[in-house]
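Quick notes on the structure that follows.
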Amino acid sequence: MTADEQFERIADELGLRGASVGTMFGKRALKANGKAFACLLADTLAFRLGAGSATHTTALGLPEATLFDPPGRERPFTRTGSPCR
């Protein structure tokens, strides 16, 4: 299944719970109450999980999991949306 297909499947499932499709950084995103919590960037799905949470820690343990770094400059975003310095 491609990233686009996965995004559509997740969007359909979460749409039933009130999530909507929008954009973030000019890319397709999923939003709740107008705030993005997931984004499709090229062939990668990125999710906001809450830094330091058990879910975040578990997700980073998955193969190929990385912190969200849209420009690819090894400066991942923090939960405030600002790059780490």
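None of the figures in this text is laboratory data; all of them are computed from the coordinates on show. Model, not experiment: these values are computed from the prediction. Virtual Cβ from ideal backbone geometry, glycine too; neighbours counted across all protein chains shown.
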**Item:** Positive-end residue of Ile10, Gly26, Ala42, charge dipole of region 3-48 with Cβ unit charges
**Value:** Gly26
**Asked** For region 3-48, rounded, prolate or oblate, judged on the Cα gyration tensor with a ≥ b ≥ c (square roots of eigenvalues), a/c < 1.5 rounded, else prolate if a/b > b/c?
**Response** oblate
**Request:** Could you order peptides 54-60, 32-38 by the average number of other Cβ atoms within 10 Å of their residues, highest first?
**Result:** 32-38, 54-60
